[in-house]
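Derivation of every value follows stated rules applied to the coordinates shown; laboratory data play no part. Note that this is a predicted model, so its numbers are computed, not measured. A quick note on method: Cβ atoms are made from the backbone with ideal geometry, for glycine too, and the neighbour counts reach across all protein chains shown.
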């Protein structure tokens, strides 16, 4: 309900507030309401800014951020190098297994394994012990 200034002043005089309500006091009430709105708006803006900063920090330093991405690339290169060496070792062992196939064993490899694992030697071989 909107009142005119004259009615506001007349009502104030009826209650014994002679000159108690002035334009400044009405404006200060409006300013208080506006200040409350400004404070609320600034609070919302501050929270929004804080959330944006948090998301930016998470994008740079989080578990899947830019820093972690660089570290993950380095680890990936290390794992690829390790995988390449393991593939070479696997190929070496595949070849050894192929050479030890019971149907078609390599005689040189079989003799080498017998001498090293079972300490077996032929009669025409001489064993020399080195201390």
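Annotations for the structure displayed:
- With neighbour counts taken as other beta-carbon atoms within 10 Å, the residues 124, 106 rank, fewest first, as 124, 106.
- Between residue 79 and residue 57, the contour length at 0.36 nm per residue exceeds the alpha carbon distance by 5.1 nm.
- Computed FRET value (nearest 0.05) for residue 87 with residue 117, which takes r as the C-beta separation and R₀ as 30 Å: 0.65
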